[in-house]
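Everything below concerns the one structure shown next.
The values are calculated or read from the model by the stated rules, or taken from the named source; none is laboratory data. A quick note: this is a predicted structure, and the numbers were derived from the prediction, not measured. Methodologically, a virtual Cβ is constructed for each residue, glycine included, from the backbone with ideal geometry; neighbour enumeration extends over all protein chains shown. Only protein heavy atoms, including side chains, enter the accessible area calculation; ligands, DNA and RNA are left aside. Shrake-Rupley method; radii C 1.70, N 1.55, O 1.52, S 1.80 Å.
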Amino acid sequence: MYIQFPASFLWGASLSSYQCEGENFNSDWYLWEKENSLTLCGSATRHYYLYKTDFTLAKEIGLKAIRTSLEWSRINPEENKIEEEALLYYKDVINTLYRNNLLPVLTLNHFTLPIWFYKKGGWQKSSNIDYFLSYVRDTVSFFRDDIKYWLVINEPIIYIFQSYIRGSWPPGKRSVIIARKVFNNLKTAYIEAYKIIKDIYAEKDVYVSFAKNFRYFMSCHHYNLGQNTIIKKIRDNLFNWKFLDEVRVFIDFIGVNYYSAEYSKFKFPLGDECFQTHRYNYRNGLNWLVCPYGLYKILLELKKRYHPLPVIITENGTVDTEDGKYALYLKSHIQQIGRAIKDGVDIRGYFWWSLLDNFEWDKGFGPRFGLFFVDYRDFSRKKKQFVEVYSQICVHNRIEI
Ligand code: BGC
């Protein structure tokens with residue numbers, strides 16, 4: 001038996017500028033890596049020079065779309081300076097995608113900031129929002145005729161958590177008070193950017209949103225009689241819904257990044273008793289709780305809350321030691337997406353994270369999410385075995401169940 005996907009369904013892969021391009025020396029991450037003696041991103045995958053090769057590979061495996069991002073610090077390397085060359089470079093990136101019949105979905109800001117903006121206090125200061133909006137205005141005007149799908153920011157909650165609660169990303173702060181400010185500033189920046197983009201496009205068709213990381217929260221009933229359910233609801237609301245609810249009037253589709261599930265619990269450590277037996281649940285190479293069923297549940301919830309907004313899965317992927325585990329992950333998640341479509345959720349596309357192995361932030365180059373293996377010694381690319389499974393799905397537009 002098969003689940004057939006809609007004819008216009010976008011099968012794709014995602015990547016981001018900083019994680020792949022290399023040589024982004026005007027970015028806050030470059031500074032952060034040096035100051036904290038972390039693995040240097042350096043040349044990353046050399047995608048900056050190899051994008052033509054990479055997009056040919058994407059086409060060859062049957063993809064129809066690519067989600068990538070613009071590096072703000074290339075376009076505005078200094079305050080009040082627009083680097084024309086950078087805009088022309090990205091124009092060529094986009095043209096290359098079209099030449100390969102790949103539809104571009106473009107993210108304006110995938111976590112990294114220009115150093116000058118970072119030094120002014122970044123997202124902590126509401127007075128800085130205007131700098132971002134100028135970047136949005138200039139860039140979107142420039143690409144107006146090329147791009148139909150914009151993602152203004154990537155995963156605001158993950159960013160706030162890593163940068164302002166856990167302190168493991170720049171600027172390495174741990175303060176709930178500052179985190180709240182950043183939440184509000186990102187929200188305002190997003191809403192204003194949305195309005196600017198809509199103005200620039202006027203009557204022309206455009207879909208604007210942001211990429212939202214969702215996690216499926218489950219409560220562990222083994223330890224108590226209800227407290228875990230309460231914790232689950234609080235976590236679920238803060239992580240999954242709060243930001244989205246506050247900007248819901250300003251989104252044209254929901255960009256879903258989904259990787260894993262999580263148990264909410266009062267007691268530590270969490271034993272295996274909590275490991276409910278949904279089909280396919282296991283821990284991946286990063287110890288994330290893989291739960292394809294959770295994606296289905298999130299998708300149904302999106303329909304319940306935000307119907308008729310369409311959904312695009314803007315990221316989904318894993319890291320593992322065996323090829324078979326990648327294939328299992330891919331198939332089981334796409335099956336759940338198919339099931340959600342059957343149940344009436346309007347899903348328009350699926351993007352695997354990532355096209356290439358790349359720089360996984362504070363974890364360096366260890367975790368390999370790519371469809372293509374990157375040999376960091378000579379930057380050669382090698383198709384991973386499980387890609388065959390994905391190609392079959394893309395080409396036939398259906399999945400076996
Ligand atoms: C981010 C990516 C990251 C991926 C895997 C997402 O949260 O958008 O930048 O590499 O997850 O951790």
For segment 59-203, accessible area per residue (1.4 Å probe, heavy atoms of protein chains only), Å²: 40
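What does DSSP give for segment 293-399 in terms of the percent of beta bridges that are antiparallel, rounded to the nearest 5?
Details: 4 of 8 bridges.
Antiparallel bridges make up about 50 percent of those DSSP assigns within segment 293-399.
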Please compute, for the alpha-carbon atoms of segment 168-265, the extent along each of the three principal axes and give them in descending order in Å. 56, 30, 20
Output the antiparallel fraction of DSSP beta bridges having both residues in the chain, as a percent to the nearest 5. 25
If I model a spin label at E400 and I165 as a point 7 Å from the Cα along the Cα→Cβ vector, what separation in nanometres do I get? 4.2
Over segment 106-166, how many percent of alpha carbon pairs lie in each 10 Å bin up to the one with the longest distance? 19, 51, 26, 5, 0
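I'd like to check one number: the per residue accessible area of segment 2-51, probe 1.4 Å, reported in Å² as a whole number. All intermediate terms of the calculation are to be shown ahead of the outcome.
On the way: 1960 Å² over 50 residues.
Result: 39 Å² per residue.
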Rounded to the nearest 500 deg cm²/dmol, what is the calculated helix-only ellipticity per residue at 222 nm for the chain, with -39500 (n - 2.57) per DSSP H run of length n ≥ 4? -12000 deg cm²/dmol
Whenever you get a sec, line up L244, L238 from highest to lowest accessible area (probe 1.4 Å, protein heavy atoms). L238, L244
Expected sort for 202-215, 31-44, 250-263 on mean C-beta neighbours within 10 Å, highest first, is 250-263, 202-215, 31-44
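If you average the sequence gap of Cα pairs under 8 Å that are 6 or more apart and divide by the length of segment 88-151, what percent do you get for the contact order? Intermediate values should be presented prior to the final figure.
Working: 29 pairs, mean separation 30.2, N = 64.
Contact order relative to length: 47 percent.
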Calculated on alpha-carbon atoms, Rg and Dmax of segment 349-395 in Å: 11.7, 36
Estimated Rh, segment 84-224: Kirkwood, alpha-carbon pairs, angstrom: 16.8
Given 25 °C and 0.890 mPa s, compute D for segment 301-388 with the Stokes-Einstein relation, Rh being the Kirkwood radius over Cα pairs; round to the nearest whole µm²/s. 168
Which of these, L299, L97, L328, has the largest mean-square fluctuation under a Gaussian network model of the chain (Cα springs below 10 Å)? L328
Modelled label-to-label distance, K342 and E322, 7 Å Cα→beta-carbon offset: nm? 2.7
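Can you tell me the relative contact order of the chain? Whole percent, Cα pairs under 8 Å, sequence separation 6 or more. Don't jump to the answer; show the numbers that get you there.
On the way: 742 pairs, mean separation 78.7, N = 401.
Answer for the chain is 20 percent.
Normalised by the residues of segment 304-401, what does the relative contact order come to in percent, with Cα pairs under 8 Å and at least six apart?
Numbers: 114 pairs, mean separation 28.6, N = 98.
Relative contact order here is 29 percent.
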Report the dimensions of the chain along its three principal axes from the alpha-carbon atoms, largest first, rounded to Å. 57, 49, 48
Flagged as over-length at 21 Å C-alpha distance, from K52/K363; K81/K120; K233/K304; K125/K187, the pairs are K52/K363
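Over all distinct Cα pairs, what is the inverse of the mean 1/r for segment 1-111, reported as the Kirkwood hydrodynamic radius in Å? Please report the intermediate quantities before stating the final value.
Details: mean 1/r = 0.0653 Å⁻¹.
Kirkwood radius, segment 1-111: 15.3 Å.
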Output the pairs from K181/K297; K204/K303; K64/K382; K91/K303 with a Cα-Cα distance over 24 Å in this structure; if there are none, say none. K181/K297; K204/K303; K91/K303
Among K383, K325, K304, determine the one that fluctuates most according to a GNM of the chain built with springs between C-alpha atoms less than 10 Å apart. K304
quick note, segment 1-130, DSSP beta bridge pairs, % antiparallel (nearest 5) is 10
Spacing of the two label points (7 Å from each Cα toward its C-beta) at D199 and S175, in nm: 3.2
